[in-house]
Amino acid sequence: MNVLELAEKLNLKVISGNEGLSNEITGGYASDLLSDVIGHADAGNIWITLQTHKNVMAIASLKDLAAVVFVNNLQPEDDMADQSNEENIPVLVSSDPAFTINGKIYQLIN
Amino acid sequence: MFMNFEFNVEGGNFTKAGTASSQVKKILKQLNVDSKVIKRVVVALYEAEVNIVAHAWSGKALINISTDRIDLKLTDEGPGIPDIELAMQQGYSTASSAVREMGFGAGMGLSNIKNNCDELEITSEVGIGTVVQMAIYLNTK
Ligand SMILES: Nc1ncnc2c1ncn2[C@@H]1O[C@H](COP(=O)(O)OP(=O)(O)O)[C@@H](O)[C@H]1O
Ligand SMILES: [Mg+2]
């Protein structure tokens, strides 16, 4: 499944990185600890988090992640969109809390 | 093949954290280095770079790529590490609460480094700075 299909099925709002909407999702990783993500996420994963600062994009890019999802309607900090567009890694926003959106994504991609 | 690169790392500036890692990743990709090796370099270098940003004042990353290995040496001016064995323990962190709130400071950085290096040597002098020297072999299967 690609990022666009997932965003449409789960009503996620696409904030930036539109050119990466065709990225194929290989799995998911849910964490708010950056060392956990850099150490354990796999390429192609969709990352669900409440961290909304620029370092999230740096990690997403270093790990070749498919997309980033913010929970609870959290909005990205201002300087995030540029990097998301440059790297073609979409930033999506969900109105659900983490447990709920993780469950939905898990069901959809497994 | 024998190449050297040097990057400055600014202490305290989180907006630039990961810049050196990102550049090195690009270089290694261009050199067609095995993707498994690139992944290990990225984790180790990112964590060492972030440690300078989070814990030290200023530093630099020296990257040396040869035919059989990649050597990464991060040298900083900073407070140093009084007890390296303690610092290596997963979960141990002296990061400020502001840094923790950003999701850094989980105390997993040095473990991540250890898990992704073939060689690791840390030396440190309190009040002076720290040297983290890492090597990752290129032809591991
Ligand atoms: N370059 C450094 N200069 C000074 N102290 C450091 C440095 N790198 C690591 N440390 C010390 O080691 C601890 C553990 O490092 P690490 O495992 O990366 O966890 P974290 O960075 O999340 O705290 C740090 O909290 C800090 O006290
Ligand atoms: Mg660290």
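The values are calculated or read from the model by the stated rules, or taken from the named source; none is laboratory data. This one's a predicted model, so the numbers in the text were calculated from it and none came from an experiment. Ideal geometry is used to build each Cβ from the backbone, glycine not excepted, and the neighbour counts take in all protein chains shown. Quick note on the areas: whole protein, heavy atoms, side chains included, nothing else; ligands and nucleic acids left out. Shrake-Rupley method; radii C 1.70, N 1.55, O 1.52, S 1.80 Å.
Before moving on, here are some points about what is shown:
- Of residues in the range B:1-15 being farther than 12 Å from B:Leu138 by Cβ and outside any strand (DSSP E or B), the one farthest from the other protein chains (Cβ to nearest Cβ): B:Gly11
- Residues of the range A:38-64 classified as more than 16 Å from B:Glu101 (Cα to Cα) and in contact (Cβ under 8 Å) with a residue 12 or more places away in the chain, total: 17
- Looking at B:Thr19, B:Thr67, B:Thr15, just one residue is of a type in the set (Val, Ile, Thr), touching a residue at least 40 places away in the same chain (Cβ under 8 Å) and away from ligand 1 (no atom under 14 Å from the Cβ), and that residue is B:Thr67.
- Residue among B:Lys29, B:Lys25 that alone is touching a helix residue (DSSP H, G or I) at 6+ places or on another chain (Cβ under 8 Å) and open to solvent by 60 Å² or more (accessible area, probe 1.4 Å): B:Lys29
- Which listed residue is within 14 Å of another protein chain (Cβ to nearest Cβ), within 13 Å of ligand 2 (Cβ to nearest atom) and in contact (Cβ under 8 Å) with a residue 40 or more places away in the chain, from B:Asn116, B:Asn112: B:Asn112
- Checklist (1) within 11 Å of chain A (Cβ to nearest Cβ); (2) surrounded by 13 or more Cβ atoms within 10 Å (Cβ to Cβ); (3) not aliphatic (A, V, I, L, M) applied to B:Gly129, failing item: (1)
- Test: residue in the range B:16-23 that is more than 10 Å from chain A (Cβ to nearest Cβ) and farther than 24 Å from B:Ala95 by Cβ: yes
- Picking from residues in the range B:85-123 that are open to solvent by 40 Å² or more (accessible area, probe 1.4 Å) and assigned to a strand (DSSP E or B), the one that is farthest from ligand 1 (Cβ to nearest atom) is B:Glu119.
- Subset of the range B:54-101 (residues that are more than 14 Å from chain A (Cβ to nearest Cβ), within 12 Å of ligand 2 (Cβ to nearest atom) and under 29 Å from B:Ile27 (Cα atoms)): B:Ala56, B:Leu74
- Taking strands (runs of 3 or more DSSP E) as the structural unit, those lying wholly within the range A:1-104 and holding at least 3 residues that are surrounded by fewer than 19 Cβ atoms within 10 Å (Cβ to Cβ) correspond to A:13-16.
- For the range A:22-74, residues that are more than 11 Å from every other protein chain (Cβ to nearest Cβ) and among the hydrophobic types (A, V, I, L, M, F, W, C) total 13.
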